[in-house]
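Colleague: One structure, pasted below without further comment.
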Amino acid sequence: MPAATFTIGLISDTHGLMRPQALAALQGVDAILHAGDIGGTAILTALGEIAPVTAVRGNNDMGDWAWKIPETVTVSFGNVAVHMLHDLSQLDLDPTTTGVRVIVSGHSHRPLNRWDARVLYINPGSAGPRRFTLPIAVAKLRLEADAIAEEMIELSI
């Protein structure tokens, strides 16, 4: 039996702005991971119309709705464990000893796609309000068995 394949949408730093371009770019994914600074439940609702959403709380997520969202979470898709947090500088686990293959973060608004040994560190950038001259972006992961492929998607705004 062939291994299951998962396509995961990555989004971060929406800050309450759900761009139609981001929703369009994430169509067809199996799950969505939001790496914080969500900006309100309406964002999670809109994303949830595409696929199941897992989110972490960012430093700007405040209020009763936000306190229910964890600061970190680890989810598995088939054989691939993905750990998510908002600010990569607060990473408090060693992915190589915990079996985590992907670290998803946000916070910087700067897209990041870096491999370190067998671990992918990925930040989809910001899909919300533009910060300085940084791109507006989302990302996708394609996971199959033990293989990981990533795609950064700059949105036309």
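Colleague: Answer rounded, prolate or oblate for the range 1-93, using the Cα gyration tensor with square roots of eigenvalues a ≥ b ≥ c: rounded when a/c is under 1.5, else prolate when a/b is larger than b/c, else oblate.
Modeller: In terms of gyration-tensor shape, oblate.
Colleague: Applying the Karplus parametrisation 6.51 cos²θ - 1.76 cosθ + 1.60 with θ = phi - 60° to the phi angles of the range 11-26, what ³J(HN,Hα) value in whole Hz is obtained for each residue in order, glycine and proline being reported as x?
Modeller: These are the phi-based 3J(HN,Hα) values: 8, 7, 6, 6, 6, x, 10, 9, 6, x, 5, 5, 4, 5, 5, 8 Hz.
Colleague: To continue, here is another question. How high is the relative contact order of the chain, given as a whole-number percent (alpha carbon pairs under 8 Å, six or more residues apart)?
Modeller: Numbers: 394 pairs, mean separation 42.0, N = 157.
Relative contact order of the chain: 27 percent.
Colleague: Share of antiparallel DSSP beta bridges in the range 5-154, in percent to the nearest 5?
Modeller: Values: 25 of 40 bridges.
Bridges in the range 5-154 are about 60 percent antiparallel.
Colleague: Here's another thing I want to ask about it. Note down the magnitude of the dipole of the chain about its Cα centre, charges +1 on Lys and Arg C-beta and -1 on Asp and Glu C-beta and zero elsewhere, to the nearest 20 debye. Could you put the intermediate results ahead of the total?
Modeller: Values: 11 positive and 16 negative charges, 56 e Å.
With Lys and Arg at +1 and Asp and Glu at -1, about 260 debye.
Colleague: Once amide H atoms are placed 1.01 Å from N in the peptide plane, what residues at a sequence separation of 5 or more from residue 16, or on another chain, have their amide H within under 5 Å of its amide H?
Modeller: Placed amide hydrogens put 39, 40 under 5 Å from residue 16.
Colleague: Answer with one residue from 17, 40, 70: the one whose Cα lies farthest towards the positive end of the charge dipole of the chain, charges on Cβ with Lys, Arg +1 and Asp, Glu -1.
Modeller: Comparing the listed Cα positions along the dipole, 17 ranks first.
Colleague: For the chain, set up a Gaussian network in which alpha carbons nearer than 10 Å are linked by springs, and say which option among 32, 50, 122 fluctuates the most.
Modeller: Maximum among the listed residues: 50.
Colleague: Which semi-axes, in whole Å and largest first, does the equivalent ellipsoid of the chain have when worked out from the alpha carbon gyration tensor as the square roots of 5 times its eigenvalues? Mind dumping the intermediate values first?
Modeller: Details: eigenvalues 101, 59, 48 Å².
After scaling each eigenvalue by five and taking roots: 22, 17, 15 Å.
Colleague: Additional query: Can you tell me which of 25, 35, 55 moves the most in a GNM of the chain? Springs connect C-alpha atoms under 10 Å apart.
Modeller: 25
Colleague: Considering only C-alpha atoms, what is the centroid distance from the range 40-89 to the range 106-154, in Å?
Modeller: Here the answer is 15 Å between Cα centres.
Colleague: Pick out which of 134, 143, 23 has the largest mean-square fluctuation in a Gaussian network model of the chain, springs linking Cα atoms closer than 10 Å.
Modeller: Of 134, 143, 23, the most mobile in the Gaussian network model is 134.
Colleague: Moving to a separate point now. Starting from the 7 Å offset along Cα-to-Cβ, what nm value, one decimal, do you get for the label separation of residue 134 and residue 147?
Modeller: 3.2 nm
Colleague: Let me ask something else about it. Among 83, 97, 141, flag the residue with its Cα farthest along the positive direction of the charge dipole of the chain, charges on Cβ as +1 for Lys/Arg and -1 for Asp/Glu.
Modeller: Of 83, 97, 141, it is 141.
Rule-based calculations on the coordinates, nothing more; no lab input. Only a predicted model underlies this, so the values are computations on that prediction, with no experimental measurement involved. In this analysis, Cβ positions are derived from the backbone assuming ideal geometry, glycine residues included, and neighbour counts consider all displayed protein chains.
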